[in-house]
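Since every read-out is calculated from the coordinates, none of them should be taken as a lab result. Remember, predicted model here, so these are calculated numbers, not experimental data. Backbone-built Cβ (ideal geometry, glycine too); neighbour counts: all protein chains shown.
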Amino acid sequence: MDLLPVAQVRSRYLILISLRWLAVGLVIPVQALLPLARGLSLAQLGVVMAIQGFVVLALELPTGGLTDAWGRRPVLVLAGVIGVAATSLYFVADSVASFAVASALMGVFRALDSGPLEAWFVDATQATVPDYPLERGLSAGNAALSIAIAAGSALALPLVSWQPFDGVEPLALPVAAALVVQIVLIPLTLVLMREIRPAGERPGVWSGIREVPRVIGGGVALLRRSRVVLALVSVELFWSFGMPAFESLTPVRLSELFDGDADRAAAVIGPAGAAAWAAAAAGSAVALLMTRWWGVARSAVLLRLVQGATVVTMGLIGGVVGLLTAFFACYLVHGASNALHSTLLHRQVGPDHRATVVSLNSMVSQPAASVGVLVLTAVADRTGDTSWSFVIAGVVIAIAAPLYLPAWRAERETAPAAVAQGASGPT
């Protein structure tokens, strides 16, 4: 089977990542509000949301190893099937127990889904063009991801306002739409994701499972011997702890400002979320411009500090307009940061352990987010509002900035060519 041209790899990657995150964008505006509307308390919501992260913690490395051993495409298809099951259950859940099971299934989905598509894109492009500048493709993917979430969040608004079915509350309709997108994505993955593996390296599922311990061992060994990889994975730990504030608690904060009116908050967060993710897409372009002046790693340091400041501002500033302005600024920086963090990580690893190392990064992300949501919702429950939750989250995010320094030193000492490629801009 011939190698795909880089342009085709890129276009297929962008299609698949866009649909994957369109489904997420549809759910984001209601993911906290729907359980609350069905009777869960804020503290119960925190527990339910935390379950997903702890499931990911348990499964992330095995699924990353399975992806490297069995293949990117079959693991991504399996992830899609489990994602459909998780979203279906979330759509009908009406108790703490049922939401908890849906969250656990979503954790299985996230563990399987976290590495295959990005690993396939990097492998396929470098197989054709070995010196392909990763920051270009990953920035394009991050922009597509952000635009897809923006589109999904925008579509959530008319869905919440539309009531075509008796017995289905408006907050549940975006979840139903996300389910349709997930179902369509499964056959598209089979068609578009052409994976080329050398003869003798195409194990079946059981052979792939048997290879998992060896692949994991290689990935963990890389983590032990590379200060850069260890520091980058540690960045994810702090960053992810603070993420639930702006990802999940912003609708709750809006609801507080609207005197507890969840439907009104959902109506506002839909277009606001769309605008925020459009800002994140613009941030991907900003990231490439920043690398012209400062390089990838130094830009990552600055962006992490700025993002922490925007989240603190969301907690301290008063009024809806002020909150949303800080929210948009946070997502602008978020979009820029994502692409640079991924670029720095992929620079440190080859194809044999690429998905495993991406999974290591995700492995700390999900449980850190779970601990974050438990702490931040508990603080909000205790204080009676979410202001302090945002302040705590922003400070923790900013603490991660110095952890980019090993990558900064490595970039200056051993990767001047990578900086020069970043300076050339996107094609």
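Between 0 and 90 degrees, the angle of helix 354-383 with respect to the longest Cα principal axis of the chain falls at about 20 degrees.
Return the single residue from Val333, Val235, Val81 with maximal mean-square fluctuation; model: Gaussian network over the chain, springs between Cα atoms under 10 Å. In this elastic network of the chain, the residue with the biggest mean-square fluctuation among Val333, Val235, Val81 is Val81. Residue exposure proxy: Val312, Val371, ordered by other Cβ atoms within 10 angstrom of their Cβ from fewest to most, comes out as Val371, Val312. Positive contributions from Lys and Arg (+1) and negative ones from Asp and Glu (-1), summed over other residues with Cβ under 15 Å from the Cβ of Ile51, come out at 0. Extension gain for Gln8 to Arg409 (0.36 nm times residue separation, less C-alpha to C-alpha distance): 140.9 nm. Taking all Cα pairs closer than 8 Å and separated by 6 or more residues, the relative contact order of the chain comes to 28 percent.
When the Gaussian network model of the chain links Cα atoms closer than 10 Å, the mean-square fluctuations of Trp293, Trp388, Trp239 top out at Trp293.
Arranged from fewest to most other beta-carbon atoms within 10 Å of their beta carbon, Ser18, Ser389, Ser226 become Ser226, Ser18, Ser389. Compared with the dominant Cα axis of the chain, that is its longest principal axis, helix 96-113 is turned about 20°.
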